[in-house]
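Coordinate-derived values only; no laboratory data. All of these numbers come straight from a predicted model, not from anything done at the bench. Backbone-built Cβ (ideal geometry, glycine too); neighbour counts: all protein chains shown.
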Amino acid sequence: MSTVLVAGATGFVGQRLVPALLDAGHEVRAMTRSPQKYSGPGEAVEGDVERPETLGPAMEGVDIAYYLVHSLDQEDFEEAEARSARAFGQAAADAGVDQIVFLGGLGSETDELSVHLRSRRAVEGHLGEGGVPVTVLRAAVIVGHGGISWEITRQLVKHLPAMVVPKWAQTRTQPIALDDVVRYLVGVAGVEAAIGQVFEIGGPDQLTYVEMLQQAAESGDRRVPPIVEVPVLTPQLSARWLALVTDVDVTTGRNLIDSMDVEVLVTDHTIREVVPFEPMTYREAVERALADRAAYDDAKG
């Protein structure tokens with residue numbers, strides 16, 4: 001099997017990906033800024049995409065490098081993401097890495113992409129500038145315990161007896177379970193048919209954000225809150241509203257909300273030929289996320 005580096009090993013997706021790669025038989029290095037604090041599986045190695053000099057040693061002997069890094073909590077995240085992706089791609093090239101795998105954002109090339117999705121799309125190119133082929137998996141909302149998008153949904157349903165939502169809440173998207181994202185990420189590792197390719201991934205359901213809120217409430221055995229749509233609610237106001245009723249900070253909230261007025265649906269199902277399985281429905285994904293949350297709360301005491 002391969003030697004694999006995961007950049008973003010302590011993040012939402014990375015925490016699930018590292019053990020899954022180990023289960024698949026790979027040797028895994030979990031890249032983190034503070035390896036002495038890392039308590040997860042795999043070999044902890046120091047590396048920081050904002051400090052290019054740390055990437056060379058982390059990449060030495062690596063066959064496949066996963067890039068699960070974003071900078072949504074920074075005001076200048078577009079520039080920061082471009083700089084970090086270039087550094088990572090060049091370090092991978094210098095180390096002789098065979099494949100970079102990147103989890104990007106779903107969205108049609110014909111749409112006017114938000115800054116967030118535009119940055120995700122630019123990162124795809126920056127990672128490959130050094131010459132290492134990049135496998136891209138583009139996803140919309142990832143449903144799983146600890147994810148920002150899911151936490152917004154869960155906390156809104158939990159805290160509010162009624163909701164006033166902006167017009168973009170009727171935009172359709174194609175959510176996918178965290179477990180299925182991980183399954184796809186593991187499935188493309190070292191696979192010739194995936195090298196240098198771009199894939200779209202999603203669950204079987206195409207839902208509006210309102211429908212997602214309603215199904216999340218039903219799955220959590222809560223009363224479905226009345227939802228009233230208002231024609232004008234700017235991204236800045238929406239972000240401040242989210243910061244009041246959830247623990248998502250204003251900057252991250254605004255960068256996410258900017259992406260929500262564009263439909264993001266899977267139009268190319270090629271990934272199903274490379275990694276064939278049946279993804280979970282949205283309701284199944286919600287139930288799994290709620291169960292994981294309950295187990296987390298129980299473990300905390």
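The length gained on full extension between Ala294 and Glu192, counted as 0.36 nm times the residue separation minus their Cα-Cα distance, comes to 32.8 nm. Legend: ranking of residues Met1, Met212 from fewest to most surrounding C-beta atoms inside 10 Å; resulting order Met1, Met212.
Counted over segment 1-61 with a bin width of 10 Å, the fraction of Cα pairs per bin, in whole percents, is 26, 56, 18, 0.
Computed from the C-beta positions of Gln155 and Thr281 and an R0 of 25 Å, the FRET efficiency is 0.70 to the nearest 0.05. Based on alpha-carbon centroids, what's the gap between segment 277-301 and segment 22-44 in Å, whole number please? Using only Cα atoms to place each centre, the spacing works out to 24 Å.
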